Amino acid sequence: MKKQGEAIQSLQETVDRHSKAIESLQRAVERHSKVISMLVREQKKLSVEIGSFTSRAGKGLERTILNIYKKALKLHHVDIKEIKHGSVVDGIGLVEKGRSFEIDFYETNDHVYIFEVKNFADEGVVDQILIRRKLLEAKYKKPVKAFVVANYVEKEVKEALEKEGVEMIYSYEVK
């Protein structure tokens with residue numbers, strides 16, 4: 001009985017130590033959860049601030065990026081002074097019949113050139129440029145040459161667009 005009592009006492013002490021350790025870990029998890037929540041709020045705030053900045057900077061930023069890559073575009077016989085901002089309406093129901101899409105483009109006798117200008121070209125640019133190209137091909141009934149001009153481009157995005165025949169002009173490939 002004495003040995004069983006000692007064993008139970010030893011187990012009780014171990015349970016008490018584990019309980020204290022668990023309580024300590026629970027407090028740490030609570031602190032970390034609060035920090036994570038705060039970081040998520042700050043990240044959302046930063047995302048909104050950056051988004052509003054880029055929408056305000058918008059066309060000026062695009063024009064700046066085009067000017068940075070002016071010589072590269074010239075190699076493709078593109079004069080950036082001819083690029084105009086406009087819109088094309090989905091008249092065929094490719095995405096949604098009647099929906100309007102903003103585009104940067106210019107037309108020659110032989111081609112229509114379209115441009116997606118980004119600081120960072122991620123997976124969203126793939127659909128943007130391919131949808132606009134299809135809409136312009138249907139509208140103008142002539143070849144559409146598509147360009148993505150970006151400071152940074154994700155490697156997978158670059159490879160996907162190149163497979164689609166989109167000309168990529170960029171500074172850095174992000175892996």
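The values are calculated or read from the model by the stated rules, or taken from the named source; none is laboratory data. For clarity, every value in this text was computed on a predicted model and none was experimentally measured. Methodologically, a virtual Cβ is constructed for each residue, glycine included, from the backbone with ideal geometry; neighbour enumeration extends over all protein chains shown. The area values use the complete protein model at the heavy-atom level, side chains included, leaving out ligands, DNA and RNA. Shrake-Rupley method; radii C 1.70, N 1.55, O 1.52, S 1.80 Å.
Would you kindly derive the ³J(HN,Hα) couplings of segment 101-118 from the backbone phi angles with the Karplus curve 6.51 cos²θ - 1.76 cosθ + 1.60 (θ = phi - 60°), listing them in order in whole Hz, with x for Gly and Pro?
Couplings: 10, 6, 9, 10, 7, 7, 10, 10, 5, 9, 9, 10, 9, 10, 9, 10, 10, 9 Hz.
I need two numbers for segment 79-173: Rg to one decimal and Dmax as a whole number, Cα atoms only, in Å.
Considering segment 79-173 through its Cα atoms, Rg and Dmax are 12.9, 36 Å.
Using alpha-carbon pairs under 8 Å, 6+ residues apart, how would you state the relative contact order of the chain in percent?
For the chain, the relative contact order is 15 percent.
What is the percent carbon and sulfur in the accessible area of segment 79-173, measuring with a 1.4 Å probe over the protein chains and ignoring ligands?
Working: 2210 of 5120 Å².
Accessible surface attributable to carbon and sulfur in segment 79-173 totals 43 percent.
Quick check: net charge around K97, other residues with Cβ under 14 Å of its Cβ, Lys/Arg +1 and Asp/Glu -1?
Result for the local shell: +1.
Return the single residue from F101, F115, F147 with maximal mean-square fluctuation; model: Gaussian network over the chain, springs between Cα atoms under 10 Å.
Evaluated over the chain, the most mobile residue of the options is F101.
Whole number in Å², please: accessible area per residue of the chain, 1.4 Å probe, ligands, DNA and RNA not counted.
Per-residue value: 70 Å².
So what is the relative contact order of segment 79-173, in percent, for Cα pairs below 8 Å that sit 6 or more residues apart?
24
Just to check I understand the Karplus step: with θ = phi - 60° and J = 6.51 cos²θ - 1.76 cosθ + 1.60, what whole-Hz values come out for segment 21-30, glycine and proline as x?
5, 5, 4, 5, 5, 4, 5, 5, 4, 4
Spelling out what I want: for every residue of segment 127-135, take phi, set θ = phi - 60°, compute 6.51 cos²θ - 1.76 cosθ + 1.60 (Karplus), and round to whole Hz; glycine and proline get x.
For segment 127-135, the Karplus-derived couplings read 5, 4, 6, 5, 5, 5, 4, 4, 5 Hz, x marking Gly and Pro.
If the limit is 24 Å between Cα atoms, which of K84/K134; K70/K134; K71/K142; K70/K158; K97/K139 go over it?
K70/K134; K71/K142
Over the chain, what is the percentage of antiparallel beta bridges among all DSSP beta bridges, to the nearest 5?
So the antiparallel bridges amount to about 40 percent of the total.
Tally Lys/Arg at +1 and Asp/Glu at -1 over every other residue whose Cβ is under 14 Å from the Cβ of D122; what's the total?
Residues close to D122 contribute a combined charge of -3.
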